[in-house]
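**Student:** My structure is below; once you've seen it, I'll send some questions.
The values are calculated or read from the model by the stated rules, or taken from the named source; none is laboratory data. Note that this is a predicted model, so its numbers are computed, not measured. Heads up, the Cβs are rebuilt from the backbone with ideal geometry, glycines too, and the neighbour counts pull from every protein chain shown.
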Amino acid sequence: MKRYDDYDRRLASFRRDSSLEEIEIPVGHDLSLFSRYLTAVICVISFLLFLNMPNYVQTIDGHILPKYFYYLFAALITPFLLLKPKSVMRYLTQPFAWWAAAFIIVNSIGLMMVQDTNQNIASQISTQNQFMVYSILLGFIFSITPARSYEFIFVILAFAIPFLVLFDFVSPGILYTMGINDTVPGRASGTYLDPNIAGEVMLLACLFAIPVISSRYRMLLLSVAGVGIMLTFSRGAIITWIILYLFFQFTGTLSKKTLIFVVVLLVVVPVLIGGFRYYLEDRQDLQLGHKDILFRLDSLQSLSIRDDSAQDRLNLLEGGWDLFLKNPLIGVGCGVAPLLLGGEGPHNLVVMMAAQYGIFGICLWIALVLILWNGNYFEEKKYQHAVTIMFVVSTLFAHSMLSQDPWLLTFAIASGRRPDLNSV
């Protein structure tokens, strides 16, 4: 009898859980099945988005558009939205949901102003709003799923993405046709096509994976990401990786023994770069990007930014800031800044938001930083701070985070509380 009394008490406590009050669960087996389906959905969506499958597949086969993937995601997510309407409403009161709603409202105002005059900009604004809505929906799904049930997927991604980048560097032209879209000859990018974004995503996957694995393997994971990032030759990602390494080293995330490894690495890096130069010169398939790669290697050694790529970025940065100074209150409008800068953005999210939304754009950026800093997803606060630091540093080198699925997914996950086993 005592065993059945304990069972009744647990069942009663289970039903009092506010997150379950909207679902009728007849037996424990059904709960397990429900949980497994929820975890499977999250793993599938995370895997596809972090590997850039919607855009990559379209690049390989133009008939399969990214929207088909998002239709699939909507079909997978909808049952949870219907089963847990009260939980949805509660999630919509969370800081990131409010932030995303404010961003959508500002974009929508801009959309009304340009939809009759510039269809390209109107389409970009509409697409960005759709991305933001999806980030809210995905954030809700993650908020009702125990984190321990899906965290392993980030460990897989943290190794898989650098492997794809390495494969792309060793065997260019297999994953995609060289020279298409944003690809840069000689700079590997795996399934991301844009090497700068590939570098950022490797770091994001690494940040989510490090807390999951044993401390003895964390430096290995960080090193794998570092190798992949080096092969993208993305200076922003390389600098961010160095800052994150120092942060992890001084917060005790990494073993003190890794300092010896780093000291040895610093000694042999010049030799490695010298040997790498000879390797690049022997690679006939990399000749088109050979000059740019050597400039990037030189700038990492000499800390110089005199190459054409760096100078172009500085000019765009100055141009974006000038747009803000001329329109400090409301900016030039959403989607207009790249048009005024010759079709490119300023490669700096703060300047981009300031130029397009004025002072309100800067306030939105600061608010997002605070939301990430105060999030409660990670069990140890230092990882929460690491994600925030990465976002702040990355904004100095890139401006497209608010249109990138991995970044939006990171915002949605890291800004909330960590779901435990009582969430489903």
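**Student:** Find the residue count for the range 98-123, including only residues that are crowded, with 16+ Cβ neighbours inside 10 Å, closer than 19 Å to LEU364 by Cα and either touching a Gly at 6+ places or on another chain (Cβ under 7 Å) or not hydrophobic (A, V, I, L, M, F, W, C) (or both).
**Tutor:** Residues that pass the stated criteria total 2.
**Student:** Taking the range 100-146 only, how many residues are of a type in the set (Ser, Thr, Tyr), part of a helix (DSSP H, G or I) and within 21 Å of VAL336 (Cβ to Cβ)? Working first, answer last.
**Tutor:** First pass over the range 100-146, keeping only residues of a type in the set (Ser, Thr, Tyr): 108, 117, 123, 126-127, 134-135, 143, 145.
Okay, now just the ones that are also part of a helix (DSSP H, G or I), so 108, 123, 126-127, 134-135, 143.
From what's left, within 21 Å of VAL336 (Cβ to Cβ): 108, 123, 126-127.
Adding up the residues that qualify gives 4.
**Student:** Could you tell me which residue of the range 97-113 is farthest from GLN356 (Cα to Cα), considering only residues that are modelled with pLDDT of 90 or more and among the small types (Gly, Ala, Ser)?
**Tutor:** Per the stated criteria, the residue is ALA97.
**Student:** So how many residues does the range 109-122 have that are under 24 Å from the mean Cα position of the chain (by Cα) and polar (S, T, N, Q)?
**Tutor:** Filtering the range 109-122 for residues under 24 Å from the mean Cα position of the chain (by Cα) gives 121.
After this cut, where a residue has to be polar (S, T, N, Q) as well, the list is none.
Final tally of qualifying residues: 0.
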